């Protein structure tokens, strides 16, 4: 499974050396996914942004070719950026895995422009449980 995660995280936007627990969490979550889910994740996620803990800000272009028109534009896939905060590296491995699973569930289940409303959180939580992980945000709030 390392080769599968390697394709997603070795984009230049993932600080592997500074994010060992996050990388391990990504690998563990991907090991729980079905082959179809893994393929879908690879098809949808363009970037996993996991900057080094010392990075205070970064800006990246995350869009398809602006030259696409007509049918090309309709068929063009929407790009997804999964952001994993440097501060999660301070959490337990189990908690990081829950967070990664939750964000990957959103990437698989929801269009980026539809990430509002309580029902999407319930759907993501259901997917997280199906992979065998605990729910990352049990009270629907972000961990502090």
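Within segment 1-37, the set of residues being more than 20 Å from residue 95 (Cα to Cα) and at pLDDT 90 or above comprises 34, 35, 36, 37. Among the residues here, residue 40 qualifies as modelled with pLDDT of 80 or more and farther than 22 Å from residue 21 by Cα.
When residue 54 is tested against (1) surrounded by 13 or more Cβ atoms within 10 Å (Cβ to Cβ); (2) at pLDDT below 85; (3) closer than 27 Å to residue 18 by Cβ, just one condition goes unmet, and that condition is (1).
Condition check for residue 64 on (1) at pLDDT 55 or above; (2) surrounded by 13 or more Cβ atoms within 10 Å (Cβ to Cβ): one failure, at (1).
Within segment 125-137, residues that are at negative phi and surrounded by fewer than 15 Cβ atoms within 10 Å (Cβ to Cβ) have Cβ atoms under 7 Å from residues that are modelled with pLDDT under 95 and not in a helix (DSSP H, G or I) in these pairs: 129/135, counting only partners at least 6 apart in sequence or on another chain. Scanning segment 95-117 for residues that are modelled with pLDDT under 65 and part of a helix (DSSP H, G or I) gives 112, 113, 114.
The values are calculated or read from the model by the stated rules, or taken from the named source; none is laboratory data. Keep in mind that this is a model prediction, so the values were computed, not measured. Neighbour counts run over all protein chains shown; Cβ positions are idealised from the backbone, glycine included.
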